[in-house]
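Just below is one structure, and these are the notes that go with it.
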Amino acid sequence: MKFKTLAVHSGHNPADHLGAVMTPIYQTSTFAFRGVNQPNEFEYSRSGNPTRKALETCLASLEGGAHGFAFATGMAAETTVVLMFSSGDRIIVHSDLYGGTFRMFEKVFRGKGIEAVYVDLRDAASTERELARGAAAVWIESPTNPMMNLVDLKAVAELAHRFDAIAICDNTFLSPYFQRPLEFGVDIVVHSTTKYISGHSDVVGGAVVTNQAGLAERIGFLQNATGTVAGPQDCFLVLRGIKTLALRMEEHNRNALAIAHWLEQRPEVSEVRHPGLESHPQHALALRQMSGYGGTFSFRLDGGQDAVFQLLERVRLFTLAESLGGVESLIEHPVTMTHASVDAATLAQMGITADLIRVSIGIEDVEDLIADLDAALGE
Ligand SMILES: Cc1ncc(COP(=O)(O)O)c(C=O)c1O
């Protein structure tokens with residue numbers, strides 16, 4: 001079946017739920033046994049819950065994977081994946097990534113002996129050099145947040161496998177509608193379903209998908225053992241969002257590309273970082289491994305932080321808020337907001353400077369969004 005059909009139907013069969021067309025919310029902690037030593041399919045909601053199972057099946061099918069897992073948040077998903085590793089393991093981590101992932105590696109796992117080694121995965125020679133020193137995994141994010149740099153998924157997964165490391169990719173920014181890393185040889189995909197997958201800024205959640213039974217067994221064990229699961233109400237909200245994922249992604253993509261082109265022409269704007277623009281240094285790679293660009297990108301203003309703060313104060317339709325991927329347009333300043341937990345030297349090295357703005361373009365009418373930016377820039 002094709003993506004849009006899977007998004008609507010995968011994981012749910014009305015006949016299994018008294019004919020309910022929508023997956024019911026099984027708001028129960030425990031399930032009755034049929035008799036002594038005769039459990040039903042579900043026993044206890046940390047180990048398994050029908051609403052969560054519907055979401056997990058759906059997530060796996062959308063990513064083209066065999067095994068899906070739903071978590072309480074994106075960070076719970078990431079933490080559970082990293083718990084597969086042991087003290088003494090090295091993980092090669094893309095040097096440009098979401099601040100919360102960086103914080104998890106530095107402030108949670110480094111002290112427990114799991115060492116993140118930061119490498120620019122766009123540089124094959126450095127990646128190979130670090131892999132040759134020994135690594136359990138390579139952690140990819142593409143496109144990166146907020147710089148919109150891309151990593152060649154196929155090349156990095158192949159390189160990782162040559163050195164017996166697994167490849168893990170955070171696919172939050174594009175959702176499986178525009179990029180399916182497993183098809184390029186990546187072993188594990190992680191998501192913050194808080195973003196495009198749920199799409200309405202009304203729930204936090206995370207996901208992990210893999211094709212490999214061995215990895216799935218370890219992740220499933222850890223999900224239950226650590227209790228990082230998503231609750232049934234949240235699973236329902238994510239499932240409801242997924243039904244319109246394809247439609248929303250098309251609209252986010254169209255609006256964001258139009259606004260990126262418009263910003264590129266503005267005299268106040270010094271750079272637009274959007275992989276769909278020909279000016280993006282990895283535009284050719286974008287065309288190879290992505291079928292669209294999503295709705296999030298960043299740009300710089302000539303006037304530095306003062307000009308940025310002025311724009312943030314003046315917009316009316318854009319909401320000044322962290323997060324991304326919802327139906328409404330958001331705007332934010334990475335240095336003082338989403339990436340405030342990253343130290344100044346690392347930010348500078350990543351190119352996240354005070355003149356940078358990140359936008360998450362929603363599905364409003366693009367003319368209204370452009371008018372809002374136009375008025376805010378022009379006042
Ligand atoms: C790329 C990326 N990965 C992971 C996360 C963490 O997800 P959550 O906030 O759902 O824990 C985020 C959140 O902003 C993100 O942008």
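The values are calculated or read from the model by the stated rules, or taken from the named source; none is laboratory data. This structure is a prediction, so every number in the text was calculated from the model and none was measured. Here the Cβ positions follow ideal geometry from the backbone for every residue, glycine too, while neighbour counts run over all protein chains shown.
Can you spot a residue in segment 130-151 that is away from the ligand (no atom under 15 Å from the Cβ), within 28 Å of G295 (Cβ to Cβ), at pLDDT 95 or above and within 20 Å of the chain's Cα centre (by Cα)? Outline the logic, then answer.
Residues of segment 130-151 away from the ligand (no atom under 15 Å from the Cβ): 130-138.
Next cut, within 28 Å of G295 (Cβ to Cβ) only: 138.
Still in the running and at pLDDT 95 or above: 138.
Now drop any that are not within 20 Å of the chain's Cα centre (by Cα), which leaves 138.
Among the residues of segment 130-151, at least one is away from the ligand (no atom under 15 Å from the Cβ), within 28 Å of G295 (Cβ to Cβ), at pLDDT 95 or above and within 20 Å of the chain's Cα centre (by Cα), which makes the answer yes.
When you go through G220, G214, G199 one by one, which is the residue that is assigned by TED's automatic domain parsing to the domain that holds I140 and touching a strand residue (DSSP E or B) at 6+ places or on another chain (Cβ under 8 Å)? I'd like the intermediate steps shown before the answer.
Numbers: G214 fails: touching a strand residue (DSSP E or B) at 6+ places or on another chain (Cβ under 8 Å); G199 fails: touching a strand residue (DSSP E or B) at 6+ places or on another chain (Cβ under 8 Å).
Exactly one of G220, G214, G199 is assigned by TED's automatic domain parsing to the domain that holds I140 and touching a strand residue (DSSP E or B) at 6+ places or on another chain (Cβ under 8 Å), namely G220.
Select from segment 95-126 the residues that are modelled with pLDDT of 95 or more, assigned to a loop (DSSP other than H, G, I, E, B) and of a type in the set (G, A, S) and list them in ascending order.
G113, the sole residue that qualifies.
Can you name the residue in segment 197-217 that is part of a strand (DSSP E or B) and more than 10 Å from the ligand (Cβ to nearest atom) and, of all such residues, is surrounded by the most Cβ atoms within 10 Å (Cβ to Cβ)?
The first filter runs over segment 197-217 and keeps only residues part of a strand (DSSP E or B), leaving 206-210.
Still in the list and also more than 10 Å from the ligand (Cβ to nearest atom): 208-210.
Details: V208: 31, V209: 29, T210: 27.
By that ranking, first place goes to V208.
Look at segment 329-361 and say how many of its residues are more than 16 Å from the ligand (Cβ to nearest atom) and closer than 24 Å to V238 by Cα.
Going through segment 329-361 one residue at a time, the tally reaches 1.
Looking only at segment 62-88, how many residues end up being more than 18 Å from I197 (Cβ to Cβ), touching a helix residue (DSSP H, G or I) at 6+ places or on another chain (Cβ under 9 Å) and away from the ligand (no atom under 13 Å from the Cβ)? Full working, then the answer.
So in segment 62-88, the residues more than 18 Å from I197 (Cβ to Cβ) come out as 66, 79, 82-88.
With the extra rule that they be touching a helix residue (DSSP H, G or I) at 6+ places or on another chain (Cβ under 9 Å), the set shrinks to 66, 79, 82-85, 87.
Filter again for away from the ligand (no atom under 13 Å from the Cβ), leaving 66, 83-85, 87.
Going through segment 62-88 one residue at a time, the tally reaches 5.
State yes or no: is L150 touching a residue at least 40 places away in the same chain (Cβ under 8 Å) and assigned to a loop (DSSP other than H, G, I, E, B)? Outline the logic, then answer.
Values: touching a residue at least 40 places away in the same chain (Cβ under 8 Å): yes; assigned to a loop (DSSP other than H, G, I, E, B): yes.
Yes.
Within segment 156-196, work out how many residues are away from the ligand (no atom under 16 Å from the Cβ) and either in a loop (DSSP other than H, G, I, E, B) or touching a Pro at 6+ places or on another chain (Cβ under 6 Å) (or both).
Qualifying residue count for the region: 6.
Would you check which residues across segment 300-322 are within 19 Å of T338 (Cα to Cα) and of a type in the set (D, E, K, R) and list them?
Correct list: R300, D306, E313, E322.
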